[in-house]
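Only one structure is covered here, and it is reproduced in the block below.
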Amino acid sequence: MLIVDSYKSGWALRYLREARADLLTAEKSPVPMMAVSIAVLAMKKAQAAVYYVLGDPIYLEPMIRYLAEEGKPPHDSLLNLLLKIERIVRARNDRPESLTKEEALREASHIIEVATDIVELVTGKKM
């Protein structure tokens with residue numbers, strides 16, 4: 001277990017809860033485009049949870065965006081994972097109309113699952 005302060009841990013857990021709630025809302029939405037938008041929001045919140053539990057979004061977001069624009073895959077597996085999440089979230093946020101409801105829900109669910117694993121590993125708390 002890594003050490004994270006209670007402030008950042010609290011925000012990570014909150015964002016993860018909100019991401020899960022958004023995913024449920026997206027699943028229940030009868031309007032496909034609205035479901036996609038809410039699923040993308042869930043992805044962003046799951047990503048924020050990871051950033052909070054690993055450090056501070058103010059520092060991590062620009063670093064990951066820089067790596068995404070640079071195009072070279074990092075040698076660090078955690079950075080590589082964060083970069084993959086960033087690319088998915090960015091692509092889905094920029095072109096939500098390219099997704100079906102089912103694709104958006106599947107991708108959001110996967111990102112939330114990965115974020116949950118990271119948050120649980122770092123905080124030592126089961127979600």
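Since every read-out is calculated from the coordinates, none of them should be taken as a lab result. Keep in mind that this is a model prediction, so the values were computed, not measured. We place every Cβ from the backbone using ideal geometry, glycine too, and count neighbours over all the protein chains shown.
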> Relative to the compact globular guide of 2.2 N^0.38 Å, what is the alpha carbon radius of gyration of the range 55-127, as a ratio?
Replying inline: 1.21
> Taking Cα atoms of the chain, Rg/Rh with Kirkwood Rh, to two decimals?
Replying inline: 0.98
> Tell me, what is the percent relative contact order of the chain, built from C-alpha pairs under 8 Å that lie six or more residues apart?
Replying inline: 39 percent
>> I need Met43, Met34 ordered by Cβ neighbour count within 10 Å, fewest first.
In response: Met34, Met43
> Where in the chain are the DSSP H helices whose alpha-carbon span along the long axis reaches 30 Å or more and whose Kyte-Doolittle mean is at least -0.5?
Replying inline: 32-54, 101-123
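Please report Rg over Rh for the range 1-69, where both radii come from the alpha carbon positions and Rh follows the Kirkwood definition. Provide the component values of the computation, followed by the final result.
Numbers: Rg = 13.9 Å, Rh = 12.9 Å.
My calculation of the ratio gives 1.08.
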